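Heads up, the thing below is written out as C-alpha cells.
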Amino acid sequence: MSSKTVQKLDRVVIRFAGDSGDGMQLTGDRFTSETAAMGNDLSTLPNFPAEIRAPQGTLPGVSSFQLHFADHEVLTPGDAPDVLVAMNPAALMANLADVPRGATIIINTDEFTKRALAKVGYAENPVDDGTLESFHVHPVPLTSITVEALAAFDGLTRKEKERAKNMFALGLLSWMYTRPTAGTEAFLAKKFGAHPEILEANLTALKAGWNYGETTEDFASSYEIAPAVMPPGTYRNITGNTALAHGLVAAAHQAKLPLVLGSYPITPASDILHALSALKRHNITTMQAEDEIAGIGIALGASFGGAIGVTTTSGPGVALKSEMIGLAVSLELPLIIVDVQRGGPSTGLPTKTEQSDLLQAMFGRNGESPVPIIAPSTPADCFDAAFEAVRIATAYRTPVFLLSDGYLANGSEPWAVPEVADLPDLQVEFASEPNGVDDKGEPVFHPFLRDPETLARPWAIPGTPGLEHRIGGIEKADVTGNISYDPDNHDKMTRLRAAKVAGIAGIPDLAVEDPSGDARVLILGWGSTQGPIAAAVRAVRNAGHSVASAHLRNLNPFPANLGEVLRSYDRVVVPEMNLGQLSMLLRAEFLVDVRPHTSVRGLPFSTVDLADVILTHLEELK
Amino acid sequence: MTAIDNSRDALNATAGGVAASNGAPTRPSGLAGIPLLAPDAAKQTKKEFTSDQEVRWCPGCGDYAILAAVQSFLPELGLKRENITFVSGIGCSSRFPYYLDTYGMHSIHGRAPSIATGLATSRPDQNVWVVTGDGDALSIGGNHLIHALRRNVNMTILLFNNEIYGLTKGQYSPTSRVGQVTKSTPMGSVDQPFNPVSLALGAEATFVARTTDTDRKHLTGILQAAAEHRGTSLVEIYQNCPIFNDGAFDLIKDRTQQEARLVHLLDGEPVQVGPEDDRKTLVRMPGGGLEFVPAASAEGADVVVHDAGADDPSQAFALSRLDSPEMTHVPMGIFRSVSRPTYDDGVRAQVEAAVTTAGGPATDDDLAALLRGRDTWTVA
Ligand SMILES: Cc1ncc(C[n+]2csc(CCOP(=O)(O)OP(=O)(O)O)c2C)c(N)n1
Ligand code: SF4
Ligand SMILES: [Mg+2]
C-alpha cells in the first residue's frame, strides 16, 4: 500500500513529448490501453514529424502523444495538457506554449545539457532560470535512473539501457494516475519475447518508474479518475484506421463477397493497407500496386469480377486516381475510395490533419461525375461509415468516397463493439438472366437497364453464361449499353447518373441538437470536427447560452432535410479545417449565407477557441 | 444469386498443364483453373465470338486481320465464352473488346494491365486478355506494363504496334523511328524509340513473342502459345495503320524481301535468315557480338541456337537487338517462354492458406472475435 494520498479527479489531459526516437507514440499507446482498461472515456491525438528520424534533439524532431481521459464523456483529445512529460529541451520548447499556468511538467533533466539546450536556442536552462516558475515542475533524471535501475543487466550496452527510459516514464505516470500495468507487461512480453534480456530490462524500468513515484518525496500524491458512465456493452479502444479496416471487413462479411484492396502506401492511410493485409483469413485480398492509379485499377477490375473493390489513399493519391474514378462512375460499378485527408496542397503536411479534399472528392473529375461522399465523425465512427459506404456502393453500383482524415486515422477512443447479429445484411444479387429481348424476340442482356427504384444497373459478373457484355468509358446508350454519341442519349445518361446518386435512400435526416429549443444560431460541422464542436457547444451552453448544433456525415447526397434546417436559423456557422469548402457547397445549393469558421493549422480545433467564435456570433445577433 | 464457383469440383473440370515440346517437365497451363466446355458440347464457331457491333476501324486497317484471327482462334481454347474477358485501354486498337462476344471492358488510357490484374487475381476462372497499342502500353501505360510483366500475372497482353498514335490522328509514338515525320514532328522525330521486346525482357517477362497482323498462321500459333503460358504473355503484333503510318512494315511484308529479312525463331534450332540458296546463320563473334555469316562458313563457329526456355534472358535480349530501323533482320516468334510462379497464384495461395489455417471461411464468431480485438472491457 502506498503511504501517499490519493486525490480524485474527474478529467486529465496528459501529453508525452520527446524526440522521435524516444518512443513517445508507444508510451502514449500503452498509457491509453491502461486507461481504457480502467473504464475511462478517452480521446487521443498523436502528433509526429513526417521524417522517420528527424535530427535528434531538434524542434522538427519532436514527437508527441496527447491523451484526454475522464469519468464522463470525452469529446476531444483536450486543448491544453494538465501534465506535460518533456523528455528533452526541444520537447519542452515545442510544447510549452500549449501548457496552461499551474499545470504539471515532468522533465527529464539528464537531457538538459548545455549542448542540447543550445541546439534549440535556450541560452539558460529553463528548469532553473525561472521560466517554469508558474508551473508545477518535477525534475527527474529519467535517463540516469533508468540506467542505474538496469545496472545488473551486463548484456546490455548503455545505449540499450537508456532506450528503456520511456518505460520508466510510463511506470511513473501509471503510478501517478493509478493505471494497471498488467496489459503493458503482457504487451512487452509479446514484443520482446525473443530477447529475454531486453524484455526484463523494460519490465524493470517500468517497475522502477512506478516505484520512483511511490517512494520519492517529489510526488506527494497520486490521482484517481473514476470510470466514466458509458452505455452498457463490450468496449475496446480503437483508432480510426483500424475501425475503418474493420468496417470494410464486416461489410464484406455481411455482403458475403470477397474484398479486394488495391493500394499504394501513403501517410496517413498506409495503416489501413497494413491492417487489411493481415486479415487474409477473412477472405481479404490486398495488392500493393506500382502507383495509386494501378491501385484503383486493381480494385475496379476486382469489382467488375464481383468483389468489393477498395482503394485507400490520401489527397495526392486521389489526384492520381481521378480518371479511374470517372471510369467507375461511367461503368457504374461498386468501388470504395478511402481518402485519409492530410494537409495540402501537394505533399503539404503528410502527418497533419486537414479537411481540404471535400471539393476534390465532390468535383475533382472531368465531366459530370457524381460520387457519393461519406465522412466519419469520430475514430470509432469510421467503422460505421465504412460499412455504410459498402452498402451504397454495392446497392447503387457506384464508387463511394470515404473521407477520413489524419486526426481520425491515428486518434483513438473507446468503441462499443457491435454484435455481429445486429449488423445489417448487405447481400446484393448479381444478374443471372437475360433482361430483355432483341428485334427478333430473342432474349438478350441489357447491361444498362436500370432498377426503377434505385436506378442501379445490373451487376453481371464474368462467368455468368448468356450475359456476356462489353462496358467502357465511352458514353453508352441507355438500356443496351452500346457505344452512343447521340446528343439526347448523353443528356439522358448524364441526368440518370446524377439522379441515381441524388436519390440514394437510407440517408437519415440531419438531427439537430437544441436543448433549450430557442437557439437562433446553428453550428454545423462535418467529419472529424464533431468532437471539438460538441465540446465547444457544451461549454457555451453550460455558460447559459442557447445554441443549436448538427453534424453532417453524408456530404453527397446531403440529408433531405438539410435545406429546411439551414433556413430555420438566423445564423449558421460552419467550422471546418479548410478555407470554407462545405460553406461553398451549402451556399451554392441552398442560397443560405452560412458563416465559415476555418483553420488549417494541421491540428483539430481547440475547444476554447471554438467556444469564443460561437459566443461572438451569439453576441452579434443580440 | 450467382455465386462465383471456385470450388474444387468446378476447378476439376478445367484444363491441366501442358507438356513442353522438348519433353521438359509439365508446366502449369495458363488455362488451368478455368472451366472447360463440356466434352460433348458442339464446337464453337468464329461467329459465336463475334458481337453484334459494327466494326469501325478505317478500311484496310491491320486491326481487322488481328480481330478475324482472334475470333477464329478463340474456339480453339475450348473455354466457355463467359469465362473469357478482354480488357483494353484507349486507342484504335483498344476498341477490340467491343467486337468480341465475351466479357469485356474498354477502360482508360494505359491502365488496362492494372484492371486486368485485379480481375485475374480475384477470378482464377477467367481467361484474361489485354489489348493495347504502342502509345497505350509504352507511353502512358509504361509503368503498368512493366509491373504486370515482372509480377507475371496470368494474362495475355496483345500489343498492337503501328508505330503511331492512330486514334488521336497521327502523332509519333514511343515506337516511332527517329526522323519519322508525323503531325507532331514535322521536322522528324528526335525521340529514341523503345524496342518493346527488349523492354519486356528487361522487365522480367516470362513470355515474349512477336508476330504480324497479316500472317494469320503465325499469329494464331503465337496466340495459342501465349494463352497456354501461365503468367503474363506479351505479344507484340506489328500492325499497319494505312491512314497515319502506312507501310511501316512493308519491308518485312513484301514477298520479295521478306525472306532475306525475317528471322524465324525456332526453339532448339540455329538462328538463321535468308532463302535456301543464300542462308545465313547467326554466330557469336569473339568479342561477344552476334553476326549473321553465310551458313557454309558457320561451321566450327559459335552458332547461336535459340533457347526460349533459357533461364538467363541475355540471349533472347541479344536477339531482340538484331532489330534496326532499316529492318535488315527482324526476329519473329517466341523470344522467351519460361515458367515462373505467377503473382495471382501466389496471392490466392496466401489467402487460401490463411483461411485454411484458421479452420475455414470466417464465421460470424470469427468476425466478432476480430472486432473485439485483444483488449476489451465490459460496462454493465
Ligand atoms: C488520359 C488520356 N490522355 C490522352 C488521350 C488521347 N489518346 C487517345 S488514344 C491515344 C494514343 C493511342 O495510341 P496507341 O496506343 O498507339 O493506339 P492506336 O490508336 O495507335 O491503336 C491518345 C494519346 C486519352 N484518351 N486519355
Ligand atoms: S487510324 Fe490507323 S490504326 Fe486507327 S483505325 Fe484507322 S487505320 Fe486503324
Ligand atoms: Mg499505335
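In the range A:447-465, what count of residues is obtained for those that are within 13 Å of chain B (Cβ to nearest Cβ) and surrounded by 15 or more Cβ atoms within 10 Å (Cβ to Cβ)?
So in the range A:447-465, the residues within 13 Å of chain B (Cβ to nearest Cβ) come out as A:447, A:458-465.
Okay, now just the ones that are also surrounded by 15 or more Cβ atoms within 10 Å (Cβ to Cβ), so A:447, A:458-464.
Of the residues in the range A:447-465, 8 are within 13 Å of chain B (Cβ to nearest Cβ) and surrounded by 15 or more Cβ atoms within 10 Å (Cβ to Cβ).
Does A:A534 meet the test of being in a strand (DSSP E or B) and away from chain B (no Cβ under 14 Å)?
Details: in a strand (DSSP E or B): no; away from chain B (no Cβ under 14 Å): yes.
So A:A534 does not fit the description; no.
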Inset, instruction - Filter the range A:421-457 down to residues that are in contact with a Ser or Thr (Cβ under 9 Å, 6 or more places away or on another chain) and either of a type in the set (S, T, Y) or not in a loop (DSSP other than H, G, I, E, B) (or both), then give me how many there are. - result: 4
Inset, instruction - List the strands (runs of 3 or more DSSP E) that sit entirely inside the range A:184-302 and contain at least 2 residues that are touching a residue at least 60 places away in the same chain (Cβ under 8 Å) and within 14 Å of another protein chain (Cβ to nearest Cβ). - result: A:233-239
Inset, instruction - Return a yes/no flag: does the range B:204-217 have any residue that is among the small types (G, A, S), away from ligand 2 (no atom under 16 Å from the Cβ) and open to solvent by 10 Å² or more (accessible area, probe 1.4 Å). - result: no
Inset, instruction - Under 7 Å between Cβ atoms, at least 6 apart or on separate chains: pull out the pairs that start in the range B:231-253 with a residue that is more than 8 Å from ligand 2 (Cβ to nearest atom) and end on any residue that is outside any strand (DSSP E or B) and of a type in the set (S, T, Y). - result: B:G231/B:T206; B:G231/B:T342; B:T232/B:T206; B:K253/B:T214
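Conditions (1) assigned to a loop (DSSP other than H, G, I, E, B); (2) assigned by TED's automatic domain parsing to the domain that holds B:F207, marked per residue:
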site	(1), (2)
B:G247	yes, yes
B:Q257	no, yes
B:D277	no, no
B:S297	no, no
Inset, instruction - Determine which member of the set A:A519, A:A505 is under 27 Å from the mean Cα position of the chain (by Cα), of a type outside the set (D, E) and either crowded, with 16+ Cβ neighbours inside 10 Å or away from chain B (no Cβ under 14 Å) (or both). - result: A:A505
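For (1) over 11 Å from A:R15 (Cα atoms); (2) not in a loop (DSSP other than H, G, I, E, B), each residue gets a yes or a no:
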position: A:P46; (1), (2): no, yes
position: A:Q56; (1), (2): yes, no
position: A:P77; (1), (2): no, no
position: A:L84; (1), (2): no, yes
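Looking at the structure I just gave you, is B:A318 away from chain A (no Cβ under 14 Å), over 30 Å from B:R177 (Cα atoms) and crowded, with 17+ Cβ neighbours inside 10 Å? Break it down into steps so the answer makes sense when it comes.
Values: away from chain A (no Cβ under 14 Å): yes; over 30 Å from B:R177 (Cα atoms): no; crowded, with 17+ Cβ neighbours inside 10 Å: yes.
No, not satisfied.
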Inset, instruction - Scan the range A:29-57 residue by residue and report those that are open to solvent by 20 Å² or more (accessible area, probe 1.4 Å) and of a type in the set (V, I, T). - result: A:I52
Inset, instruction - For residues that are surrounded by fewer than 22 Cβ atoms within 10 Å (Cβ to Cβ) and in a loop (DSSP other than H, G, I, E, B), tally how many sit in the range A:58-74. - result: 4
Inset, instruction - Answer yes or no as to whether A:F65 is more than 24 Å from A:S33 (Cα to Cα) and either modelled with pLDDT of 95 or more or assigned by TED's automatic domain parsing to the domain that holds A:P350 (or both). - result: no
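If I filter the range A:425-446 down to residues being more than 10 Å from chain B (Cβ to nearest Cβ) and exposed (fewer than 12 other Cβ atoms within 10 Å of the Cβ), which single residue comes out as nearest to A:A502 (Cα to Cα)? Outline the logic, then answer.
At the first step, the residues of the range A:425-446 found to be more than 10 Å from chain B (Cβ to nearest Cβ) are A:425-426, A:434-437, A:439-443, A:445-446.
Narrowing the set further to residues that are exposed (fewer than 12 other Cβ atoms within 10 Å of the Cβ) leaves A:425, A:437, A:439-443.
Numbers: A:D425: 23, A:V437: 30, A:D439: 34, A:K440: 37, A:G441: 35, A:E442: 35, A:P443: 32 Å.
The residue in question is A:D425.
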Legend entry - One residue from B:V303, B:V351 being within 13 Å of chain A (Cβ to nearest Cβ) and surrounded by 15 or more Cβ atoms within 10 Å (Cβ to Cβ): B:V351
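Under the condition of being hydroxyl-bearing (S, T, Y) and either more than 11 Å from ligand 1 (Cβ to nearest atom) or within 25 Å of B:F49 (Cα to Cα) (or both), which residue from the range B:104-151 is farthest from the other protein chains (Cβ to nearest Cβ)? Step through it out loud before you land on a result.
Here is the first cut: in the range B:104-151, the ones hydroxyl-bearing (S, T, Y) are B:107, B:114, B:117, B:121-122, B:132, B:139.
Pick out the ones that are also either more than 11 Å from ligand 1 (Cβ to nearest atom) or within 25 Å of B:F49 (Cα to Cα) (or both) and you get B:107, B:114, B:117, B:121-122, B:132.
Values: B:S107: 6, B:S114: 3, B:T117: 5, B:T121: 7, B:S122: 4, B:T132: 13 Å.
Only one residue tops the list, namely B:T132.
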Legend entry - B:N154 being within 13 Å of ligand 1 (Cβ to nearest atom), under 16 Å from the mean Cα position of the chain (by Cα) and either within 27 Å of B:E76 (Cα to Cα) or within 14 Å of chain A (Cβ to nearest Cβ) (or both): no
Inset, instruction - Filter the range B:50-85 down to residues that are within 15 Å of ligand 1 (Cβ to nearest atom) and aromatic (F, W, Y) and give me whichever is farthest from the chain's Cα centre (by Cα). - result: B:W57
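Determine if the range A:381-393 includes at least one residue that is at pLDDT 95 or above, in a loop (DSSP other than H, G, I, E, B), open to solvent by less than 50 Å² (accessible area, probe 1.4 Å) and within 10 Å of chain B (Cβ to nearest Cβ).
Residues of the range A:381-393 that are at pLDDT 95 or above, as a first pass: A:381-393.
So of that shortlist, the ones also in a loop (DSSP other than H, G, I, E, B) come out as none.
No; the residues of the range A:381-393 include none that is at pLDDT 95 or above, in a loop (DSSP other than H, G, I, E, B), open to solvent by less than 50 Å² (accessible area, probe 1.4 Å) and within 10 Å of chain B (Cβ to nearest Cβ).
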Legend entry - Exclusive hit being open to solvent by 10 Å² or more (accessible area, probe 1.4 Å), more than 16 Å from ligand 1 (Cβ to nearest atom), part of a loop (DSSP other than H, G, I, E, B) and out of contact with any Cys (no Cβ under 7 Å at 6 or more places or on another chain), set B:Q224, B:Q180, B:Q192: B:Q192
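The values are calculated or read from the model by the stated rules, or taken from the named source; none is laboratory data. Remember, predicted model here, so these are calculated numbers, not experimental data. For neighbour counting, all protein chains shown are included, and Cβ atoms are generated from backbone atoms with ideal geometry for every residue, glycine included. Heads up: the accessible areas ignore ligands, DNA and RNA and are worked out on the full protein's heavy atoms, side chains in. Shrake-Rupley method; radii C 1.70, N 1.55, O 1.52, S 1.80 Å.
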